[in-house]
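Worksheet: the structure to be examined is printed underneath.
The values are calculated or read from the model by the stated rules, or taken from the named source; none is laboratory data. Since we're looking at a predicted model, the values are computed, not measured. Counting neighbours? That spans all protein chains shown, and the Cβs are built from the backbone with ideal geometry, glycine included. Areas reflect the complete protein model, heavy atoms only, side chains present, ligands, DNA and RNA absent. Shrake-Rupley method; radii C 1.70, N 1.55, O 1.52, S 1.80 Å.
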2 protein chains.
Amino acid sequence: MGVPRVRHSIFDTLPESLRSEILGVFQTMHFEHGKILFCAGEPCSGLPLVLSGVVRVQMTGLSGNNIVLYRMGADEICTLSIGCLMTGEGFRAEAVVEEDTEVFMMPRDVFDRLMDQSAGFRRGIMDSYGRRLNDLMLLVEEVAFRRMDERLFCWLEARAEQGFLMITHQELATELGTAREVISRLLKELERKGKLRLARRRIEFTRQFFD
Amino acid sequence: MGVPRVRHSIFDTLPESLRSEILGVFQTMHFEHGKILFCAGEPCSGLPLVLSGVVRVQMTGLSGNNIVLYRMGADEICTLSIGCLMTGEGFRAEAVVEEDTEVFMMPRDVFDRLMDQSAGFRRGIMDSYGRRLNDLMLLVEEVAFRRMDERLFCWLEARAEQGFLMITHQELATELGTAREVISRLLKELERKGKLRLARRRIEFTRQFFD
DNA sequence: GCTCAGTCAGTGATAAAGTCACACAAGCTC
DNA sequence: GAGCTTGTGTGACTTTATCACTGACTGAGC
């Protein structure tokens, strides 16, 4: 495998001495596909910096339904955990690893120290917070006002470049925060229109899809 | 009117010298009921610290529908503006004054300086961010999964202590991110059940409401 | 190969919520 | 009072959610 290039841009602005000290102390953690980075209600053991891979953050409603809130990719920070880390209360969300992931788990005291000592670090954290807040606001708008057929189509469109997707209707329903039956019916409708071909766990996009 | 006690708890942890300097430079601004603190897309002139009053933050969907995201009261910080302030892009939200409000409008350079110099200030900002994020996550869950009759009832319940409310159905619809007709029908239903009495701009709670 | 259990998808019936169109009523100005 | 604006009520219809059930596909074990 070789030694992975372990880096995160939030360290770029640190003075050299501080950086090498931090990087020396840290060990990176590996999480495989399907592993849970943190669960709903669990106290937070540190601030995860995502070095590579993809982590999905989703929440379970009181009704038991799920919805995906956002994803974190390489070079992102699990902003959600900061609140967790500071107040000690867990959030009602869980983080599931979608693609094998490397994470720096930054302990609380290191986080505090960097917040104290580095303006660049602070800026990175605040940026991340701002983006997350914006994402969630857009999500509220989407869930409240957009039609499901349009939302589904957009979601598919954003991942159609490979020509097909391996995903179950239930997983799609969780992405959009709706029921499996709704997705099944909308997909069938798209298949009737000739934009898709459906199979078990598989959605294939036809040329028509892109018109 | 007398001189209002102009204070905000985020200043409490500042060293005395810094605090008196900041407080000396600031002027508080007054906003009256109905005034707009900031509009969607508008660049941000500073970080508003709410000293008194109530400000409602709402967003307009692409469809033109509105939904209330959250409210800010005395001693709160308009966290949303920080992202705005840092990236220079406006958010798609607007802030409307509900009860006459006093605000410290903190300029960008002062914000940066306090972030640099005060751990307490940083902590206050991060706390505020965490709470906002949590609120929005709960809102996503509510909008995605909860039934409207239940949401309406909870909303009314939380403000029923006075025995009546002066509000239009359209305003209620904006609170919950739905259509006016939906609210009208649900309210009529509650009236039929004897829990409310409806009049123009007015909802009166009967004893039955509280059972 | 065959059976069986578990997972995944399709669908009808019904209820809840959103949209459209319009009627009408209350309060305001002239 | 006439004419206007704002707020509410309601029918008709569409979209979405929920419930209940069916059957199809897949993999493990025999």
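Considering (1) open to solvent by 40 Å² or more (accessible area, probe 1.4 Å); (2) in contact with a helix residue (DSSP H, G or I) (Cβ under 7 Å, 6 or more places away or on another chain), the lone condition that residue A:132 does not fulfil carries the number (1). For segment A:27-35, state whether one or more residues are in the same structural domain as residue A:90 (by TED's automatic domain parsing) and buried (at least 19 other Cβ atoms within 10 Å of the Cβ). Yes, segment A:27-35 contains a residue that is in the same structural domain as residue A:90 (by TED's automatic domain parsing) and buried (at least 19 other Cβ atoms within 10 Å of the Cβ).
With respect to residue A:192, is the statement that it is charged (D, E, K, R) and on the phi < 0 side of the Ramachandran plot true? Criteria met by residue A:192. When B:138, B:165 are screened for being within 16 Å of DNA strand D (Cβ to nearest atom) and surrounded by fewer than 19 Cβ atoms within 10 Å (Cβ to Cβ), only B:165 passes. A Cβ distance below 7 Å, combined with a sequence gap of six or more or placement on separate chains, defines the contacts here; from segment A:102-118, residues that are not assigned by TED's automatic domain parsing to the domain that holds residue A:52 reach no residue that is assigned to a strand (DSSP E or B) and modelled with pLDDT under 90. Among the conditions (1) more than 14 Å from DNA strand C (Cβ to nearest atom); (2) surrounded by 15 or more Cβ atoms within 10 Å (Cβ to Cβ); (3) not assigned by TED's automatic domain parsing to the domain that holds residue B:50, the only one that residue B:157 does not satisfy is (2).
Checked against (1) within 15 Å of the chain's Cα centre (by Cα); (2) among the aliphatic types (A, V, I, L, M); (3) assigned to a strand (DSSP E or B), residue B:29 passes all but condition (1).
The numbered conditions (1) within 18 Å of residue A:207 (Cα to Cα); (2) within 11 Å of chain B (Cβ to nearest Cβ) are all true for residue A:164 except (2).
Here residue A:172 qualifies as more than 14 Å from chain B (Cβ to nearest Cβ), within 11 Å of DNA strand C (Cβ to nearest atom) and open to solvent by less than 40 Å² (accessible area, probe 1.4 Å). Being within 19 Å of residue A:71 (Cβ to Cβ), of a type in the set (D, E, K, R) and away from DNA strand D (no atom under 15 Å from the Cβ) is the requirement here; does residue A:132 meet it? Considered against the rule, which asks whether it is within 19 Å of residue A:71 (Cβ to Cβ), of a type in the set (D, E, K, R) and away from DNA strand D (no atom under 15 Å from the Cβ), residue A:132 comes out as yes. For segment A:111-126, the condition holds for no residue, the condition being that it is assigned to a loop (DSSP other than H, G, I, E, B) and within 13 Å of DNA strand C (Cβ to nearest atom). Restrict the check to segment A:143-150 and report whether at least one residue is at the interface with another protein chain (Cβ under 8 Å from one of its Cβ atoms), without any contact (Cβ under 8 Å) to a residue 60 or more places away in the chain, within 24 Å of residue A:45 (Cα to Cα) and assigned to a helix (DSSP H, G or I). The answer is no; no qualifying residue exists. Kindly evaluate residue B:132 against the criterion of being more than 30 Å from residue A:87 (Cα to Cα) and either assigned by TED's automatic domain parsing to the domain that holds residue B:25 or without any contact (Cβ under 8 Å) to a residue 12 or more places away in the chain (or both). Taking the combined requirement at face value, the residue does not satisfy it. Taken over segment A:95-126, the criterion of being open to solvent by less than 50 Å² (accessible area, probe 1.4 Å) and within 12 Å of chain B (Cβ to nearest Cβ) is satisfied by A:111, A:114, A:115, A:118, A:120, A:121, A:122, A:124, A:125, A:126.
With the structure loaded, tell me whether residue A:146 is in contact with a His (Cβ under 7 Å, 6 or more places away or on another chain) and either outside the structural domain of residue A:64 (by TED's automatic domain parsing) or within 12 Å of DNA strand D (Cβ to nearest atom) (or both) or whether it fails that test. No. Among residues of segment B:176-195 being of a type outside the set (Gly, Ala, Ser) and farther than 23 Å from residue B:208 by Cα, the one that is surrounded by the fewest Cβ atoms within 10 Å (Cβ to Cβ) is B:181. Out of all the residues in segment B:177-194, which are small (Gly, Ala, Ser) and more than 8 Å from DNA strand C (Cβ to nearest atom)? Result: B:184, B:194.
Listed here are the residues, each with its yes/no results for (1) within 16 Å of DNA strand C (Cβ to nearest atom); (2) open to solvent by less than 70 Å² (accessible area, probe 1.4 Å); (3) away from chain B (no Cβ under 14 Å).
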| site | (1), (2), (3) |
| --- | --- |
| A:25 | no, no, yes |
| A:51 | no, yes, yes |
| A:70 | no, yes, no |
| A:76 | no, yes, yes |
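Sub-6 Å Cβ pairs linking a first residue in segment B:175-200 that is in a helix (DSSP H, G or I) to a second residue that is open to solvent by 80 Å² or more (accessible area, probe 1.4 Å), at least 6 apart or interchain, are B:180/B:170, ordered by first then second residue. Going by the structure shown, is residue B:210 open to solvent by 20 Å² or more (accessible area, probe 1.4 Å) and more than 9 Å from DNA strand D (Cβ to nearest atom)? Yes.
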